[in-house]
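Visitor: Have a look at this one before I ask anything.
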Amino acid sequence: MSLTGKYDPDNIFAKILRGELPCVKVYEDDIVLAFMDIFPQAPGHVLVVPREAARNALEMSDDALAAAMPRVKRIGNAVKAALAPDGIMIAQLNGAPAGQTVFHVHFHIIPRSDGAQLGLHAGGKADMDELTAQAKTIASFLD
């Protein structure tokens, strides 16, 4: 799939944003919805999904991108405070060759620990009880 193309309003993240599919929510406002990645690359992997209908960050409006980034930072800081990782990786993939698998713009916040290998993107499915506990802990640092 190329970097540009038509936005598909039936992609999985659009369905989650509309409440048609469930998620393990961390944070929500009128700009973004943040939830746990069910195929995490590391424990505490959060996705921040802007509400604007755009395939990737390069196709977002400047206003929507500018509004989303402070939220990515705030949620990243909550992940840091909640889980005390050695580092935080913030990633945003644009196009299939870059590793994008869901074609609605989203940001990955991935806690990293020294010496721990990063899991495969969309590898194994996480335990939902663990995700729920992680989400609750992270959300407690957003208050």
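The values are calculated or read from the model by the stated rules, or taken from the named source; none is laboratory data. In this text, all values refer to a predicted model and were calculated from it rather than measured experimentally. Please note: Cβ atoms are built from the backbone with ideal geometry, for glycine as well, and neighbour counts cover all protein chains shown. The protein model used for the area step is the full one, side chains on, heavy atoms only, and it has no ligands, DNA or RNA in it. Shrake-Rupley method; radii C 1.70, N 1.55, O 1.52, S 1.80 Å.
Visitor: By how many degrees, between 0 and 90 and to the nearest 10, does the Cα long axis of helix 62-83 differ from the longest principal axis of the chain?
Guide: 20 degrees
Visitor: Same structure again: Given the convex hull over the Cα atoms of the range 6-84, what projected area results after averaging over all orientations, in nm²?
Guide: If you wrap the Cα atoms of the range 6-84 in a convex hull and average its projections, you get 5.5 nm².
Visitor: Would you grab the residues whose amide H sits under 5 Å from the one on residue 54? Only those 5+ places off in sequence or on another chain, please, with H modelled 1.01 Å from N.
Guide: Answer set, sorted by chain and number: 105.
Visitor: What value in Å³ per residue do you get for the convex hull of the alpha-carbon atoms in the range 38-115?
Guide: 94 Å³
Visitor: Additional query: In the chain, what is the count of Lys pairs whose alpha carbons are under 26 Å apart, counting only pairs at least 8 residues apart or on separate chains?
Guide: Final tally of qualifying lysine pairs is 14.
Visitor: In the range 99-143, which trypsin sites (Lys or Arg not before Pro) are in a loop and have at most 13 other Cβ atoms within 10 Å, using DSSP for the loop call?
Guide: 125
Visitor: Could you grab the relative contact order for the chain? Cα pairs under 8 Å, six or more apart, rounded to a whole percent.
Guide: Dividing the mean separation by the residue count of the chain yields 32 percent.
Visitor: Can I ask one more? If amide hydrogens are placed 1.01 Å from N in the peptide plane, which non-local residues have theirs closer than 5 Å to the one on residue 33?
Guide: 49, 51
Visitor: Given a 1.4 angstrom probe, what's the average accessible area per residue across the chain, in square angstrom? Walk me through the intermediate numbers first.
Guide: Values: 7540 Å² over 143 residues.
Ligands and nucleic acids excluded, the figure is 53 Å² per residue.
Visitor: Taking the Cα atoms only, what angle lies between the long axis of helix 128-140 and the longest principal axis of the chain, rounded to 10 degrees?
Guide: Orientation of helix 128-140: about 90 degrees from the principal axis.
Visitor: Test of understanding: given the chain, find the longest segment containing no chymotrypsin sites (Phe, Trp or Tyr not before Pro) that are in a DSSP loop and have at most 16 other Cβ atoms within 10 Å.
Guide: Longest site-free region, per DSSP loop and neighbour criteria: 8-140.
Visitor: What is the gain in length, in nm to one decimal, between residue 61 and residue 88 on full extension, counting 0.36 nm per residue of separation less the C-alpha to C-alpha distance?
Guide: 7.1 nm
Visitor: Report the gain in length on full extension from residue 133 to residue 118: 0.36 nm times residue separation, minus Cα-Cα distance, nm rounded to one decimal. Please list the in-between numbers first.
Guide: On the way: separation 15, 0.36 × 15 = 5.40 nm, distance 2.08 nm.
Once the chain is fully extended between residue 133 and residue 118, it gains 3.3 nm.
Visitor: If N is the number of residues in the chain, what value comes out of its Cα radius of gyration divided by 2.2 N^0.38 Å?
Guide: Against the compact-globule rule of thumb, the ratio is 0.99.
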